[in-house]
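Chemist: Provided herewith is a single structure, encoded as structure tokens, for subsequent inquiry.
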Amino acid sequence: MFDVFIQKLYANFIQDDRYMYIVNGFFTTCKIALVAIVIGLLLGFVIAIIRSSYDMNKDHSKNGLGSILLSLANKICNLYLTIIRGTPVVVQLLIIYFVIFSTVNVNKTFAAICAFGFNSAAYVAEIVRGGIMSIDKGQLEAGRSLGFSYPLTMIFIILPQAIKNVLPALGNEFIVLIKETSVAGYIAIEDLTKGGDIIRSRTYSAFIPLITVACIYLIVVLVLSKLLNILERRLRAGER
Amino acid sequence: MNADNPLIKVTNLEKVFGKKGEISTHALDNVSIDINRGDVLVVVGPSGSGKSTFLRCLNLLEVPTGGSVIFEGQDITDPRNNINKLRMKMGMVFQQFNLFPHMTVLKNMTIGPVKLLKKSQQEAEKTAMELLERVGLADRAGSYPNQLSGGQKQRIAIVRALCMNPDVMLFDEPTSALDPEMVGEVLDVMKALAKQKMTMICVTHEMGFAREVASRVVFMENGRIIEDNSPKEFFENPTNPRLKEFLDKVL
Ligand SMILES: Nc1ncnc2c1ncn2[C@@H]1O[C@H](COP(=O)(O)OP(=O)(O)OP(=O)(O)O)[C@@H](O)[C@H]1O
Ligand SMILES: [Mg+2]
């Protein structure tokens, strides 16, 4: 019984250096997830700021060039959110790789990073916008009455409070994103999931490689939650 | 600038809430008033009479739909004038304090001078500590706002505005959100400020404060100023029947 298990371990990981599928897959998954998170954050914040600025300033509309541009940008953002949140991420991944990047010969990983980053941006945007809108209007007025411009009030007063409030939700979005990258195999990327699956197809034993893959995701998610918890506590320190 | 000019000249100020066609509120209706340096103007009137709207139009937190507000010779509604620069000279204190909860008291007070007036952190902190000393809260410099009582918060809000070294202070019911036992400490700070010849415009229901400290008292109703008088005349010889009715109710 124990011998059989050792044999299986050997066949799944050691023979032909099969463990490298897991190792390489892990790094590919990390690379895609990390860069996608950064893209999602940057783009998501931009969209959130445009959308909430539009909401907050629409009763003050002065019909200048600025407010026309803001209104246009807001429309574009709304369209973007509708499309991204209304379609499955796998379909987005396939479209980006096979349609948008079909003529230019790009790296598959790059296509996946774009797909997951643009997808995550939509969710980050709504989380951050919720955070911004939850801050009492008096904070904006207090900032403005001191003489801070609207952008400076955002930077020094509104966003620091909003980010603190949405950190748990953002952390959750990162966790979802990491797990979502497991569909990268649809465009034949050898990520962690695909790596485990390749071993399964070679050794005809499903249990060990797939459980190993699951455990690795679980550990990554647990470590990330722990780090986010620590960050959250740091940010809240002293304030009560 | 000519010292005889009013500090703030309000001419035919109008504010209509709501777009054309919709149900609209005429919150300010042809309000004209001159506010001179050193004036302590107290604005009273029934709820919904436009007091807050009037005050908020003075620093453009509310954009007037007509008329003009000239502050130190500049029309605040003119987009060519930098409203942020003008607001630095107009301190504002809100009913709900609106301290920044993610900053210590000291940071609340120094962020404006440091980021906007380009003072050094040290210099800004020195001014802030002097002001805190004056309102008896120097020991709370390192506290966060939610560690303070309402009265303390409002005193901090006042000195935060003072850190910008404004030429006028606007108060919108600064004591209305306070427990009764804390009203006095905030009014004392305002009285001390008036004594130092700060120009102040105060919306308040504290008639005692108006009587004692104001140089002028104004009565608003339905978006109009219908009485503007010295406190003595205002309270002892009210001419307007609506004002008489109002005073009977509140005194
Ligand atoms: N943002 C707004 N949108 C629509 N109507 C408003 C708005 N702000 C104020 N109003 C209306 O304008 C009128 C004047 O309001 P304002 O807040 O200036 O009164 P106030 O004298 O300060 O009253 P209170 O003593 O209750 O604070 C009211 O009828 C009010 O309903
Ligand atoms: Mg009011």
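The values are calculated or read from the model by the stated rules, or taken from the named source; none is laboratory data. Remember, it's a predicted structure, so these values are computed and weren't measured experimentally. Note that we place each Cβ from the backbone using ideal geometry, even for glycine, and neighbour counts take in every protein chain shown.
Chemist: Tally the residues that are part of a loop (DSSP other than H, G, I, E, B) and away from ligand 2 (no atom under 12 Å from the Cβ), restricting the search to the range B:62-89.
Modeler: Going residue by residue through the range B:62-89, those that are part of a loop (DSSP other than H, G, I, E, B) are B:62-65, B:72-73, B:76-82, B:89.
Okay, now just the ones that are also away from ligand 2 (no atom under 12 Å from the Cβ), so B:63-65, B:72-73, B:76-82, B:89.
Looking only at that region, the number is 13.
Chemist: Next question. So, A:Lys31, is that one among the basic types (Lys, Arg) and under 18 Å from the mean Cα position of the chain (by Cα) or not? Break it down stepwise before answering.
Modeler: Values: among the basic types (Lys, Arg): yes; under 18 Å from the mean Cα position of the chain (by Cα): yes.
Yes: the conditions hold for A:Lys31.
Chemist: Looking only at the range A:47-89, which residues are touching a residue at least 60 places away in the same chain (Cβ under 8 Å) and surrounded by 15 or more Cβ atoms within 10 Å (Cβ to Cβ)? Break it down into steps so the answer makes sense when it comes.
Modeler: Pass one, the range A:47-89, residues touching a residue at least 60 places away in the same chain (Cβ under 8 Å): A:47-49, A:51-53, A:55-57, A:89.
Hits for the range A:47-89 are A:Ile47, A:Ala48, A:Ile49, A:Arg51, A:Ser52, A:Ser53, A:Met56, A:Asn57, A:Val89.
Chemist: Of the conditions (1) at the interface with chain A (Cβ under 9 Å from one of its Cβ atoms); (2) in contact with a His (Cβ under 7 Å, 6 or more places away or on another chain), B:Arg160 satisfies every one except a single condition; which number is it?
Modeler: (2)
Chemist: Scanning for something under 23 Å from A:Ile135 (Cα atoms), crowded, with 21+ Cβ neighbours inside 10 Å and either at the interface with another protein chain (Cβ under 10 Å from one of its Cβ atoms) or out of contact with any Pro (no Cβ under 9 Å at 6 or more places or on another chain) (or both), does the range B:73-87 turn up at least one residue?
Modeler: Yes - at least one qualifying residue is present in the range B:73-87.
Chemist: Given the criterion modelled with pLDDT of 95 or more and within 25 Å of B:Val69 (Cα to Cα), identify the matching residue among B:Met109, B:Met88.
Modeler: Working: B:Met109 fails: within 25 Å of B:Val69 (Cα to Cα).
Step by step, each of B:Met109, B:Met88 is checked, and only B:Met88 is modelled with pLDDT of 95 or more and within 25 Å of B:Val69 (Cα to Cα).
Chemist: On to the next question. Being outside any helix (DSSP H, G or I), within 12 Å of ligand 2 (Cβ to nearest atom) and within 14 Å of chain A (Cβ to nearest Cβ) is the filter here; which residues of the range B:26-60 pass it?
Modeler: Narrowing the range B:26-60 to residues outside any helix (DSSP H, G or I): B:26-50, B:59-60.
Next, from what is left, pick out any that are within 12 Å of ligand 2 (Cβ to nearest atom): B:27, B:43-50.
Once the filter is applied, which keeps residues that are outside any helix (DSSP H, G or I), within 12 Å of ligand 2 (Cβ to nearest atom) and within 14 Å of chain A (Cβ to nearest Cβ), the range B:26-60 yields only B:Ala27.
Chemist: Same structure, new question: Failed condition for B:Val63, given (1) within 16 Å of ligand 1 (Cβ to nearest atom); (2) away from every other protein chain (no Cβ under 12 Å), with all others met?
Modeler: Only one criterion is unmet by B:Val63, namely (2).
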